[in-house]
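Below you'll find the structure, written out as structure tokens, and then a few comments.
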Amino acid sequence: MAKSEFTLAFNEITEAHRLPRDVVIEALKQALVNAFRRDTGRVSSAQRVEAEVDPANNRYRILLEKEVVEDSAQSINEMTEIRLSEARQLNPIIEVGDVIMAPHETNTKTFGRIAAQTAKQVILQKIREAERAALYSEFKGREGELAFGQVQNINSQAITVMLSGRVEAILPAKEQIRDERFKQNDKIRVYILEVRDSPRGPQIIVSRAHRNMLRRLLEFEVPEIYHGQVEIKAIAREASQQSKEAVQHSKVAVAALQPGIDPVGACVGQRGMRIQTIAKELHDERIDVIEWSPDPAVFIAKALSPAHIDSQYVYLEDDMDQGNIATVIVSEDQFSRAIGRGGQNARLAAKLTGWRIDIKSVTEAAFEAQKRLDQPPLDRLAAENTELIAEVTRILDKKRADRTVMPEEYQTLMRFVHLAETRLLQQRKAEQARRIKLIEHARQNLPRRVFQMQLEELELEEDIIKAIRTRSIQNVGDLMARLQVEEQSVLNLLEKAKVKDGAAVALSAIKDAIESLVPHYLATSEAPAATSAPSSPELPTPGAPAAEPSVAPAAEPTEEEAPPAFVDVEAPSEPRRPPVPLPPPLPVAKPRRPQPATEPPPPPKEESRRDRRGKGKPSKSAARDLIYDEERGETVRLRKHKRRGGRNWEDFDEE
């Protein structure tokens with residue numbers, strides 16, 4: 001092949017596949033090595049073979065691993081050996097017996113058909129692998145961005161889109177906009193949702209229903225958002241095939257980061273040109289742009305647009321289990337707008353604000369409040385506002401009779417509902433504060449370790465764990481405190497979730513799991529205390545069984561040793577005297593007093609994890625006590641032992 005032809009072919013490969021020159025050169029080297037091995041057939045798989053390619057000068061050569069032999073050798077194997085004189089031309093300090101990579105004369109024109117085909121396959125395989133790696137790296141870095149594509153194939157499951165004319169992407173049915181139809185070869189804009197690596201190349205998942213596609217379109221169409229003058233606070237969108245009960249609808253909350261800028265006007269544009277361009281791109285999707293507010297009540301009132309709602313009739317509550325709850329009272333003519341078709345407007349507002357929104361009409365709220373006028377705290381409201389209650393009763397009777405209610409009368413109902421909801425909200429907050437105080441008191445009486453245990457350690461059913469996991473119940477300690485204070489609230493959570501086998505059975509399973517797990521967990525989690533420091537004579541050594549506060553029993557010990565071996569102090573002439581203290585670490589015990597026979601022995605102490613496994617033993621200072629023997633007239637040291645087959649330390653042996 002002429003130099004110009006080689007150079008042209010090399011450049012064509014690099015440009016057509018958009019690959020670096022180094023990648024193509026490595027593919028050529030590997031192809032030459034494989035073709036040489038296949039053509040000669042005399043190269044061992046253990047022998048090292050390398051290739052060097054110089055595309056600028058159209059040169060290449062094969063290097064073989066050879067052993068250096070003496071020049072006087074009569075015959076050598078040219079494939080595995082090289083003479084010393086020839087080797088020193090490549091490396092002057094080479095010696096006989098060394099190994100060197102030496103060039104081997106090769107002519108690719110003499111390669112057979114199989115060798116040439118092998119080289120071709122290796123080059124194509126290496127180029128495909130490099131191309132797949134380059135495509136994955138490129139599109140992995142473009143996750144979360146927009147891309148233009150061309151529709152290639154359409155079926156009921158997904159649409160195949162060609163991106164940049166180089167790689168295919170999948171647009172699943174759930175990521176498509178409802179009622180949007182495409183034809184083959186249509187040009188569309190998609191959002192790169194996910195890029196996965198696979199042996200057959202990158203798998204790219206794109207979307208047109210994701211909320212971040214609306215964000216990217218706003219950044220593209222609105223310069224104020226792109227330059228950071230206006231910020232997108234939140235986006236709520238329902239446009240996929242799964243939302244079949246309503247039309248495509250989105251809500252966007254924006255805020256100005258610079259004074260003097262109208263964030264809503266910047267997004268809508270002059271005569272709505274900017275927002276109309278985005279809506280047209282999204283198959284005429286309805287987009288509501290609202291101004292974000294740090295006041296949750298104002299933000300919720302705006303999020304329920306196009307309904308006109310006064311923020312003073314938005315009542316906020318922070319519930320322990322259900323989270324943030326907002327009760328919104330709207331007038332009769334705005335109730336349907338606030339709910340939306342199929343409840344879509346209320347759902348989008350809840351997603352946008354992060355609050356659970358409960359919408360009531362003024363008439364519905366007035367009827368509920370009227371029924372509770374004889375109960376606290378509304379009974380005081382009825383006593384303090386008799387004229388208002390009489391007027392409200394007259395208006396509600398008029399409403400029951402399907403007679404026309406005037407706007408002024410609706411205002412009276414709104415004032416009554418506002419007073420009632422305010423008092424009810426105050427009562428709920430006071431009740432919740434009381435509950436929190438009781439639960440906090442119960443938490444203080446629980447061991448700290450139970451708050452480190454996850455709910456999954458109880459080994460309950462998955463639906464039970466999901467039902468009881470709330471904002472205020474995140475671990476076993478929280479659950480134990482809640483059961484101690486208000487067991488009914490846990491039962492209500494189980495009933496609301498409709499757990500398997502019923503709420504009562506699930507609650508019993510929770511109690512059994514706690515009773516079986518927590519004591520074992522606390523017993524095995526206590527690390528044995530260090531026994532190197534001397535302990536107080538009145539207190540037992542941590543980790544060792546508690547000694548009985550009585551003299552040695554009259555029973556015969558199981559083992560006897562010579563008393564002088566452990567006699568520390570000679571018996572004094574007096575019958576009783578305090579024990580003589582010994583050097584640490586051996587603790588000194590006081591003379592024991594006889595224990596009444598009616599008093600039961602102290603309960604055995606829980607074994608530690610080391611004791612159960614047999615990896616730890618009580619030290620001598622923890623297992624021996626000093627006592628004065630009146631009969632012998634001397635102080636002796638006694639060793640406590642446990643009965644065979646038992647767990648309690650009961651008897652003493654004299655050492």
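The values are calculated or read from the model by the stated rules, or taken from the named source; none is laboratory data. Quick caveat: nothing in here was measured; it's all calculated off a predicted structure. As a convention, Cβ positions derive from the backbone with ideal geometry for all residues, glycine included, and neighbour counts pool all protein chains shown. Heads up: the accessible areas ignore ligands, DNA and RNA and are worked out on the full protein's heavy atoms, side chains in. Shrake-Rupley method; radii C 1.70, N 1.55, O 1.52, S 1.80 Å.
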Gain on full stretching of the segment that runs from Gln322 to Ala401 - 0.36 nm per residue minus C-alpha separation: 24.7 nm
Whole-number accessible area per residue in Å² for the stretch 254-350, which is evaluated in the context of all protein chains at 1.4 Å: 47 Å²
Probe 1.4 Å - accessible area at Arg83, Å² to nearest ten: 60 Å²
Distribution of pairwise C-alpha distances over the stretch 296-376, 10 Å bins, in %: 19, 50, 27, 5
Order by protection proxy (mean Cβ within 10 Å, highest first), peptides 484-491, 326-333, 200-207: 326-333, 200-207, 484-491
Fraction of alpha-carbon pairs over 21 Å apart in the stretch 384-513 - percent: 57 percent
Extension gain, Lys466 back to Leu425 (0.36 nm per residue minus Cα-Cα distance, nm): 11.9 nm
Karplus 3J(HN,Hα) series, Hz, for the stretch 150-161 with 6.51 cos²θ - 1.76 cosθ + 1.60 (x for Gly, Pro): 10, 5, 9, 9, 10, 9, 6, 8, 6, 10, 8, 10
The stretch 188-234, Rg to Rh (Cα coordinates; Rh as Kirkwood inverse mean 1/r): 1.14
Surface accessible to a 1.4 Å probe, per residue, for the residues of the stretch 392-505, Å²: 61 Å²
For the stretch 16-173, the Rg and Dmax computed from alpha carbons only, in angstrom: 23.4, 79
Extension gain (nm, one decimal) between Glu456 and Gln484, 0.36 nm per residue minus Cα-Cα: 8.1 nm
Quarter of the Cα convex hull surface for the stretch 221-375, i.e. its orientation-mean projected area (nm²): 11.4 nm²
Accessible area in the full protein assembly, largest first, 1.4 Å probe, for Asp318, Asp288, Asp54, Asp197: Asp197, Asp318, Asp54, Asp288
Cβ-placed point charges (K, R +1; D, E -1), dipole of the stretch 63-189 about Cα centre in debye, nearest 20: 1200 debye
Percent accessible area from carbon and sulfur atoms, the stretch 17-98, protein chains only, probe 1.4 Å: 42 percent
Rg/Rg_globular for the stretch 87-189, with Rg_globular taken as 2.2 N^0.38 Å and Rg from C-alpha atoms: 2.00
Inter-centroid distance (Cα atoms) of the stretch 157-213 relative to the stretch 449-479, Å: 40 Å
FRET efficiency, Asp379 to Glu332 (Cβ-Cβ, R0 41 Å, nearest 0.05): 0.90
In Hz, Karplus ³J(HN,Hα) per residue of the stretch 362-373 (6.51, -1.76, 1.60; θ = phi - 60°; x = Gly, Pro): 5, 5, 4, 5, 5, 4, 5, 5, 5, 5, 9, 5
Estimated vicinal HN-Hα couplings, Hz - the stretch 431-439 in sequence order (Karplus 6.51, -1.76, 1.60; Gly, Pro = x): 5, 5, 4, 5, 4, 4, 5, 5, 5
Per residue, in Å², the accessible surface of the stretch 1-119 once ligands and nucleic acids are set aside, probe 1.4 Å: 64 Å²
